[in-house]
Amino acid sequence: MIRIDMSGKSVLITGGTKGIGLAAALVFGRAGARTYLTYKWGSDDFTPLYDLFKKNNAAPPLLFQADVAIPEDTDALLQDVKKHEKRIDIFISNVGVAQRARSLRDYRKRSLYRTLDYSTWPLIEYTKKIHEVFDCYPRHIVGISSDGPDHFYSGYDYVAASKALLEFFAKYLSVHLFEEGSRVNIIRFGPVNTESFSLVFGKEFFDFLKEQGVPEEMFITTENCGETVFALCSGLLDAVNGQIITADKGMSFRDNMMMRYLKEKEKKKKMERNG
């Protein structure tokens, strides 16, 4: 097995204290990288988080309370990071806000703009400001997306739109920063059992998938997500640039009506045989 040594590397992850961001931070930390994680809400008691890093033999992170939609927070964050680093090698834009729209009557321009402020624009804003503060761009820039732009999820209208725009900007960003030596990519994850996912779709979603015959091993975990982010920033995949990469264990291919139909048909045959 190839072991990637990230000693000496600095990694900034927005929304890094939970879910996919935290899982990625743990992988980078185990590889020796120094991680800087932002958060907006939640308890100030991060003892369990530090214990988790210790348990995983990962270098402890530095945490910063910063709202990605407030420029002053971004400025203060980067100045704080500069006290420790000469550059930011890896930037992971992970924050997203889920404004729900249950029907057309719920559509509001301000709700769309708020979602863009959190789920789309930080990829651009942070990248620009990192250059202003450190006089160089990150070597690897990764935006976290979902399969929402290509799939229907109830109430996911605004988020899907923001993720589609995130992917669009990332492609152009990869062109603008190519001569700088940066690699810019987006990872689309399928449904991941995180706190934010449950807030939008409910905790019963994965139970429903199991009832529909989707095997549990098809579900992508936060650990899988973190490993995927790490791999893309490892240096081994630097030929990949300006790409939208789907990581979902093939669920988008297998989880379709035909699969469900065949499963249901098989159940009926078994019932008839046991009749």
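Structure notes:
- Segment 233-265: number of residues that are at pLDDT 80 or above and farther than 17 Å from ILE220 by Cα: 12
- Of all residues in segment 67-86, those being of a type in the set (A, V, I, L, M) and touching a residue at least 60 places away in the same chain (Cβ under 8 Å) number 1.
- Test: residue in segment 14-23 that is surrounded by 14 or more Cβ atoms within 10 Å (Cβ to Cβ) and hydroxyl-bearing (Ser, Thr, Tyr): yes
- Any hit, segment 91-99, residues being under 25 Å from TYR118 (Cβ atoms), part of a loop (DSSP other than H, G, I, E, B) and of a type in the set (S, T, N, Q): yes
- Taken over segment 231-250, the criterion of being closer than 21 Å to PHE169 by Cβ and assigned to a loop (DSSP other than H, G, I, E, B) is satisfied by CYS233, LEU237, ASP238, VAL240, ASN241, GLY242, GLN243.
- The set of residues in segment 200-230 that are farther than 17 Å from GLY190 by Cβ and in a helix (DSSP H, G or I) comprises GLU211, PHE230.
- Some residue of segment 52-61 being touching a residue at least 12 places away in the same chain (Cβ under 8 Å), touching a strand residue (DSSP E or B) at 6+ places or on another chain (Cβ under 7 Å) and surrounded by 24 or more Cβ atoms within 10 Å (Cβ to Cβ): yes
- Screening THR47 with (1) closer than 24 Å to THR194 by Cα; (2) of a type in the set (Val, Ile, Thr); (3) within 20 Å of the chain's Cα centre (by Cα) gives one miss only, at (3).
- When LEU165, LEU112, LEU116 are checked against the criterion of being more than 11 Å from VAL97 (Cα to Cα), in contact (Cβ under 8 Å) with a residue 24 or more places away in the chain, not in a loop (DSSP other than H, G, I, E, B) and not basic (Lys, Arg), LEU165 stands alone in meeting it.
- One residue stands out in segment 78-123 among those that are of a type in the set (D, E, K, R) and in contact with a Gly (Cβ under 6 Å, 6 or more places away or on another chain): the one that is surrounded by the most Cβ atoms within 10 Å (Cβ to Cβ), namely ARG100.
The values are calculated or read from the model by the stated rules, or taken from the named source; none is laboratory data. Keep in mind that what you see is a predicted model, and the values were worked out from it rather than measured. Backbone-built Cβ (ideal geometry, glycine too); neighbour counts: all protein chains shown.
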